[in-house]
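Input: a single structure, listed below in structure tokens.
The values are calculated or read from the model by the stated rules, or taken from the named source; none is laboratory data. Note that the structure is predicted; figures quoted are calculated from it, not measured. Note that we place each Cβ from the backbone using ideal geometry, even for glycine, and neighbour counts take in every protein chain shown. Remember, those area values only see protein heavy atoms, side chains included, never the ligands or the DNA or RNA. Shrake-Rupley method; radii C 1.70, N 1.55, O 1.52, S 1.80 Å.
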Amino acid sequence: QRCVELFDRKFVKGTAHSCEGQEATAVGVCGGGLLTERDFVLSHHRGHGHVLAKGADMGRCLAELGGRRDGYCGGMGGSMHLADLSKGVLGANGVVGASLALGCGAGLAAKYEGKGRVAVAFFGDGASNQGLFHEALNMAAVWRLPVVFFCENNQAEDIPLLP
């Protein structure tokens, strides 16, 4: 909510997409003890919650949204490109489904490193109709990559929910 308020007050440089209503998935995966600080997280344009749940500093996140130098990306990434490499958050991305392919890359790096790291690629249901979705899942399976693909059904597509 605060992000939306700041955007409305013109504090946020560029655009901002709220993750309101998706907090539970971020906390459950990133903040629930399932991942270590060294595990990778790749996010999408609603990635504020993922970054914060992985342990990023709220002040630095807000500085990034405001375009300040003390933000995580020096104020240049803004809302849609939050990253905290020290926490394994490789970044959010405004391209629909990009986290899927980037997750494969992080998974491949983790596999070659051989230290038991995993990558979690968050994506919205709207990405499930992209060719990249099928390609990334197939590649991860064939290469046996340590990647978890996590779909956040924000109801962008008409995907039937279980009763």
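A few comments on the model shown:
- Scanning residues 5 or more positions from Asn154 or on other chains, those with amide H under 5 Å from its amide H are Asp125, Gly126, with H placed 1.01 Å from N in the peptide plane.
- Relative pair counts by distance (%), Cα atoms of the stretch 66-163, 5 Å bins: 3, 13, 20, 20, 17, 14, 9, 4, 1, 0
- The Kirkwood radius of the stretch 42-86, taken over pairs of alpha-carbon atoms, gives through the Stokes-Einstein law at 10 °C and 1.306 mPa s a diffusion coefficient of 160 µm² s⁻¹.
- Set of lysines with alpha-carbon distance to Lys115 below 23 Å, sequence-local pairs under 8 removed: Lys54, Lys87
- In order through the stretch 112-129: 3J(HN,Hα) via Karplus (6.51 cos²θ - 1.76 cosθ + 1.60), integer Hz, x for Gly, Pro: 5, 5, x, 10, x, 6, 10, 10, 10, 10, 7, 8, x, 4, x, 7, 6, 9
- Accessible surface, per residue, of the stretch 20-163 when the full set of protein chains is kept, probe 1.4 Å, Å²: 51 Å²
- With the simple spin-label model, which puts each label point 7 Å out from Cα in the Cβ direction, the Leu6 to Val95 separation comes to 2.6 nm.
- The stretch 36-163: relative contact order as a whole-number percent, Cα under 8 Å and 6+ apart: 25 percent
- Sulfur and carbon atoms: percent of accessible area, the chain [1.4 Å]: 57 percent
- Difference of contour (0.36 nm per residue) and Cα-Cα distance, Asp70 to Trp143: 22.4 nm
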